[in-house]
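Nothing in this text is a laboratory measurement; each read-out follows from the coordinates by a stated rule. The model shown is predicted, which means the values in this text are computed figures rather than measured ones. We place every Cβ from the backbone using ideal geometry, glycine too, and count neighbours over all the protein chains shown.
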C-alpha cells in the first residue's frame, strides 16, 4: 500500500486545522510580494490566519484588519472595556493593531514565521 503524501498544512504543523486556515492577503501570499510568511492566531478558537508580510507587526496588522473585515467582532474590545482597562492600568496587557487600532487580548495571540517566499530566500 502506498504511503499517503502529507499536505502542505501537515508539513507546516497545522494538521487537522485546514478548515480553520484563512488567508488575510491572498494575492500578496500567492505572488509572494512581502519577504516572509506568518501564521497568526488571534484567539484560542479562531482561525489560523496566513499572512505574507515583511515583519511580525505588519503580519499582526494584516490579521487584525482581516478579522475586522470578516466581522469577527467578538475578538475585539469595545470602547467601554478599553476605557475601563485604561483607567485601571491594565490596557498594556492587550494587543493593539490594524488600521483602526483595535484591541484584543494578548493571551492567545500568536505569530509564527512559516518560511520565506522562494523569491526572497538568500
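If we sort 79-85, 110-116, 100-106, 37-43 on the protection proxy, mean other Cβ atoms within 10 Å, highest first, what's the order?
Top of the packing list down: 37-43, 100-106, 110-116, 79-85.
Work out how much length residue 100 to residue 79 would gain on full extension: take 0.36 nm times their residue separation and subtract the Cα-Cα distance, in nm to one decimal. Mind dumping the intermediate values first?
Working: separation 21, 0.36 × 21 = 7.56 nm, distance 1.24 nm.
Gain on extension, residue 100 to residue 79, equals 6.3 nm.
Pairs of Cα atoms nearer than 8 Å and 6+ residues apart set the relative contact order; for segment 20-115 it is 33 percent. Full extension of the chain segment joining residue 57 with residue 27 gains 8.9 nm, where the gain is 0.36 nm per residue of separation less the Cα-Cα distance. Over the Cα atoms of segment 20-115, the radius of gyration divided by the Kirkwood radius equals 1.00; this is the Rg/Rh ratio.
Using only the alpha carbons of segment 41-82, what is the convex hull's orientation-averaged projected area in square nanometres? Walk me through the intermediate numbers first.
On the way: hull surface 13.4 nm².
About 3.4 nm², averaged over all directions.
Each label was represented as a point 7 Å from its Cα along the Cα-to-Cβ direction; for residue 113 and residue 93 these points are 3.1 nm apart.
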